[in-house]
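Reading through the structure tokens given below for one structure.
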Amino acid sequence: MERFDVIIVGAGPAGIFSAYELVKSEKPLKILMLEKGRDIYKRRCPKHTNGGKCVHCKPCAITTGWAGAGAFSDGKLSLSHEVGGTLPELLGVEETMDLIKYTDDIYLKFGADSAVHGAEFSSEMNEIRRKSIDANLRLVHCPVRHLGTEKAQELYRKLFDHVVDKGVEVKFRTPVSELIIENNEIKGVKAKGEEFYADNVIVAVGREGSDWLLHQCDKEKISTDVGIVDIGVRVECRNEIMREVNENFYEAKLIHYTKTFDDKVRTFCSNPGGFVSSEYYEGDLAVVNGHSYKEKKSDNTNFALLVSQKFTEPFNAPIEYGKHIARLANMLTKNHVLVQRFGDLKRGRRTTKERLYRNNIMPTLKDAVPGDLSLVLPHRILVDIIEMIEALDGVTPGLASDETLLYGVEVKFYSNITRVGKDFQSESVNNLYLGGDGAGITRGLMQASANGVVMAREILKKY
Ligand SMILES: Cc1cc2nc3c(=O)[nH]c(=O)nc-3n(C[C@H](O)[C@H](O)[C@H](O)COP(=O)(O)OP(=O)(O)OC[C@H]3O[C@@H](n4cnc5c(N)ncnc54)[C@H](O)[C@@H]3O)c2cc1C
């Protein structure tokens, strides 16, 4: 039986930055990382070499392995506390901003581009804000550092070499199946029939592992709160439509409270010149996402529109709710992403291949199946999305045109939120640290990475 000072479950950005901060201290700690996916050198999505067809790898090469969902992500680092998670609620704005600065410097040290988009407000940006106000949209000020997918992989590869060089042991293809807890104290974990013991365990399993974590929380009576459900579509239009916003912001984060339901709808993860992609959960549940490359560009911009719903008692299954809707879409498309033109959605008819070819825009997701989102999304979400697109048309004229493509469904599997203290230790289990997207605490690369740093710092206080 091996014993460690710290076990980190999950090698996504949260896990990696925990490891980085632990080794930076130069304390003689024995650290083990257990990761369900492959190492960064072996991570390949077959889609990239077989004409874009997903072959349903288990586990998914896009969301698992070293750097987690971050490796194939667009690598946009949001440098504002207002974006990407709930760290400010736990740590306060000032401490969160200090952490973001610290974490951003690590990204720079490992090769991130020094350019930051949207740091200062130019007169053009002020004019976009004026139009946003006129359209009842709130423009969130969030400077962005863009790594690009290829650069992100290279950077996380360097971080892998660095932490391994500093003595961290990493086991790939090793999904943790159980937490070992005795008398409200974490003792270790079980993986592949083996037991690994440690004084501290960090669980940072991302969205991919959030179902598993929730199950562990239920079983071990680890306290959680019901999380939000974010469901919507990915919008794709030609770059010309978004040019002004893209040139000035790279990514403009806009929030709208809809007329009919007063629901919050936000833009998310914008990819100028990018590509729409499918992402698979549990092997074959297709949901949509998007990314962009530093060098390779398309004629289109894509971004998500997400409707945030906060349900109350007795609802207790935000992930299942999201999956249920995604399954409906998959039922119509034989497990592909569905695509519909905005004009067809408004007229209550499905998009066909023939209607798709009437467009100026060609879809970048080649295997998307033309269909009808109104057979999938609840009425309330559909109305929210239509009203949001119409509001956005005031800032980016042409977006509400018939040809704008809506891909469905985009769903963010935020887990129930694990109840943790300011130190990210579980309220119910001592020495168990819960962080990143899987714990429902973060929703993006920067806050997940920063969360990793704080968890490590809290553990280091004991040594
Ligand atoms: C296509 C795509 C594009 C994105 N683009 C951006 C972007 O541009 N900007 C941005 O800020 N965010 C982006 N995101 C989101 C971002 O990637 C995540 O917020 C971030 O990776 C979360 O980090 P994490 O460490 O919490 O979890 P993850 O990155 O999901 O990592 C968790 C790791 O835990 C592992 N794991 C899960 N369960 C277990 C288990 N039981 N045992 C062992 N290991 C386990 C998984 O295999 C995974 O490697 C994108 C996500 C996707 C999918």
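Computed from the coordinates by the stated procedures, all read-outs in this text should not be read as laboratory data. Computed from a predicted model, the values in this text were never measured in an experiment. Here the Cβ is made from the backbone with ideal geometry for all residues, glycine too, and neighbour counts use every protein chain on show.
Tabulated results
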| item | result |
| --- | --- |
| Relative exposure of Trp212, Trp66, judged by other C-beta atoms within 10 Å (fewest first) | Trp212, Trp66 |
| Residue order, fewest to most surrounding Cβ atoms within 10 angstrom, among Val288, Val339 | Val339, Val288 |
| Three principal axis lengths of region 180-263 [C-alpha, angstrom, descending] | 58, 31, 20 |
| Per DSSP, loop GluC sites (Glu not before Pro) in region 244-303 with at most 13 further Cβ within 10 Å | Glu282, Glu295 |
| Cα centroid separation, region 247-274 to region 297-364 (Å) | 16 |
| Beta bridges by DSSP in the chain, antiparallel share as percent, to the nearest 5 | 75 |
| Percent of beta bridges antiparallel (DSSP, region 299-441, rounded to nearest 5) | 75 |
| Trypsin sites (Lys or Arg not before Pro) within region 125-208: DSSP coil, no more than 12 neighbouring Cβ in 10 Å | Lys192 |
| Ascending count of other beta-carbon atoms within 10 Å, so fewest first, for Met455, Met97 | Met97, Met455 |
| Values of log10 I(q)/I(0), in the order q = 0.11, 0.14 Å⁻¹, for region 67-150 under a Debye, Cα-only, solvent-free model | -0.38, -0.60 |
| Over 21 Å (Cα to Cα) - which of Lys190/Lys462; Lys36/Lys366; Lys47/Lys334; Lys58/Lys221; Lys24/Lys294 fall in this group | Lys190/Lys462; Lys36/Lys366; Lys58/Lys221; Lys24/Lys294 |
| Reach of Lys346 by Cα under 23 Å, taken over lysines that are not fewer than 8 positions away in the same chain | Lys259, Lys264 |
